[in-house]
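Below is one structure, written out as structure tokens, with a few remarks after it.
The values are calculated or read from the model by the stated rules, or taken from the named source; none is laboratory data. Being a predicted model, the structure only gives us computed values, none of them experimental. With ideal geometry, Cβ positions are generated from the backbone for all residues, glycine too; neighbour counts draw on all protein chains shown.
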Amino acid sequence: MKRITLIGLLMLLFLFPATTLAATPLETVRANVNKVLEILRDPTRKAQFAKEIKEDKIRPVFKDMFDDVELARRTLGRNWTSLNPSQQEEFVTLFRRVLENAYADKILSYKNEQVVFDRETMIATNRAEVYSRVITSSKEIPVIYRVILKDGTWRVYDVVIENVSLVQNYRSQFNEILAKNKPDNLLEILRNKVKEKKS
Amino acid sequence: MRKRWIVIYALAIILGCCLPCMAESLREKAPDTPVLSPPLQEEDKEYEDEEPIAIADPLEPFNRAMFTFNDRLYFWVLKPVAQGYKEVVPEPARVGIDRFFNNLSFPVRFVNCLLQANLKGALSELGRFTINTVWGLGGLLDPASNEDINLRPYREDFGRTLSFYGIGHGFFITWPLLGPSSLRDTFGFAGDTFLSPLSYVEPWYAGTLAKGYDKVNAVSLRIGDYESLKEAAIDPYISVRNAYLQYRAKGGGRSGLIAPPAGKDKER
């Protein structure tokens, strides 16, 4: 009997990494998006601090869902190497803050929107695109998640909303800035951008 | 009618003045193609597929001034008007009106599908127009998008047709009122004007008023979009310029006043 439970436990152990590997890009993104939607729709959180509570609950989901280093790195493209390691680290943190500030209110304002997942396409051996649509009362917005496989998990490194890639859009801006300025200036601009929102 | 010609001539003269500098900028950067860069290093290869699309921008100072003008116009005039309008008119009505104007511009999409030898698109558009006009109360409803019929719109326009025949953007222009555009898409816009039924409404200002109303109605459905785009941007002008290029490259309809309009519908 003991032996059987032991074998059972061992099998479970083997099973777990296998199941995480088996999750397809679409399934992974959908699971994360659904988690976020669940938090947003939670009716018990209409309290005074609902916004803060929801933000705190969503943050870990996003942390799991996005590969923020990959995302930040791609917004710099080949300029990434012109930053030294500590600058790179600060850039990733600042960029995450910029995105948080810009999109938190937008995401928290979602109420009755429906998200439909259509299909996934492999774009490289370790990268894929997940096609979805956000359906509101008046319109339908196509959203594509670009995901990359790292350590057995698919993580989002770019979001394409209505044909506009977030990473490419930021890269065009950073390219322009870095063509005329040093990496330090870029970090300074980002620091100010983060501060400006806070006050 | 005469007034419209004056506008078109004026446009042609302005563009004529721009041509020399365009020629120069064309030599610097081939339009619509990624910026050529030193050979890719091993590490850069994975970025290869998503180099940002570039456009020449010799008019940048003018464009930035116009961008600021449009920005003010949006926050001071267009947004308050659209907000007031939104308070009065319920959303389903505004969605219907948006569809109505969209249905009305069917000739633009139909002819440009044909010009691009896109028979499937032309037939789909023809079917949509017929069904939505007859059974959709003149376009207020969109029965053609129902699952049973499922005819997708093809948002083609003359700018996209020119692109189809290999004509690049030329350079970037921000027009007051009309927003982001390019040399090519400006010609495209002029071409589409001839195909838009609203251009033939007499007296001429009635058509213009109708276009303005369409604009306000459309904006009322997407208040907040431009705001968040601007909020998220480090340099809003560059962000809008890039968004316009990406949107047009993948087959989005013509730009709205500020940012590209959302299609309830996308083709391709």
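Got at least one residue in region A:164-176 being assigned to a strand (DSSP E or B) and within 12 Å of another protein chain (Cβ to nearest Cβ)? Lay out the reasoning, then the answer.
If we filter region A:164-176 for residues that are assigned to a strand (DSSP E or B), which is where we start, we get A:164-165.
Pick out the ones that are also within 12 Å of another protein chain (Cβ to nearest Cβ) and you get A:164-165.
Yes: one or more hits.
All of A:Thr81, A:Thr153 fail the test of being out of contact with any Gly (no Cβ under 9 Å at 6 or more places or on another chain) and either free of Cβ contacts under 8 Å to residues at least 12 places away in the same chain or within 12 Å of another protein chain (Cβ to nearest Cβ) (or both), apart from A:Thr81. From the list A:Val98, A:Val61, the one residue that fits, being on the phi < 0 side of the Ramachandran plot and buried (at least 18 other Cβ atoms within 10 Å of the Cβ), is A:Val98. What is the number of the single condition among (1) touching a helix residue (DSSP H, G or I) at 6+ places or on another chain (Cβ under 7 Å); (2) aliphatic (A, V, I, L, M); (3) within 10 Å of another protein chain (Cβ to nearest Cβ) that A:Val92 does not meet? Result: A:Val92 fails condition (3) only. The residues listed here are B:Asp49, B:Asp44, B:Asp148; of these, the one that is modelled with pLDDT under 95, surrounded by fewer than 16 Cβ atoms within 10 Å (Cβ to Cβ) and closer than 30 Å to A:Asn175 by Cβ is B:Asp49.
Restricting attention to region B:66-83, and to residues there that are without any contact (Cβ under 8 Å) to a residue 24 or more places away in the chain and β-branched (Val, Ile, Thr), which single residue is surrounded by the fewest Cβ atoms within 10 Å (Cβ to Cβ)? Break it down into steps so the answer makes sense when it comes.
Here is the first cut: in region B:66-83, the ones without any contact (Cβ under 8 Å) to a residue 24 or more places away in the chain are B:68, B:72, B:75-77, B:80.
Next cut, β-branched (Val, Ile, Thr) only: B:68, B:77.
Numbers: B:Thr68: 13, B:Val77: 11.
The selected residue is B:Val77.
You will find that of A:Thr125, A:Thr121, A:Thr136, A:Thr81, the residue that is surrounded by 14 or more Cβ atoms within 10 Å (Cβ to Cβ) and among the β-branched types (Val, Ile, Thr) is A:Thr136 and no other.
Modelled with pLDDT of 85 or more, of a type in the set (Lys, Arg) and under 16 Å from the mean Cα position of the chain (by Cα): does that describe A:Arg78? Outline the logic, then answer.
On the way: modelled with pLDDT of 85 or more: yes; of a type in the set (Lys, Arg): yes; under 16 Å from the mean Cα position of the chain (by Cα): no.
In short, no.
Restricting the search to helices (runs of 4 or more DSSP H) fully inside region B:82-176 and requiring at least 2 residues that are of a type in the set (D, E, K, R) gives B:91-104, B:119-134. Residue pairs whose Cβ atoms lie under 8 Å apart, sitting 6 or more positions apart in sequence or on different chains, and linking a residue in region B:216-240 that is at the interface with another protein chain (Cβ under 9 Å from one of its Cβ atoms) and under 20 Å from B:Val89 (Cβ atoms) to a partner that is charged (D, E, K, R) and not in a helix (DSSP H, G or I), are B:Leu221/A:Lys139; B:Arg222/A:Lys139. Screening B:Pro180 against (1) outside any strand (DSSP E or B); (2) surrounded by 22 or more Cβ atoms within 10 Å (Cβ to Cβ) leaves a single unmet condition, (1).
Scanning region A:122-158 for residues that are in a loop (DSSP other than H, G, I, E, B) and among the charged types (D, E, K, R) yields A:Lys139, A:Asp151.
When A:Asn112 is tested against the conditions (1) surrounded by 13 or more Cβ atoms within 10 Å (Cβ to Cβ); (2) within 25 Å of A:Glu140 (Cβ to Cβ); (3) over 17 Å from the mean Cα position of the chain (by Cα), the lone failure is (1).
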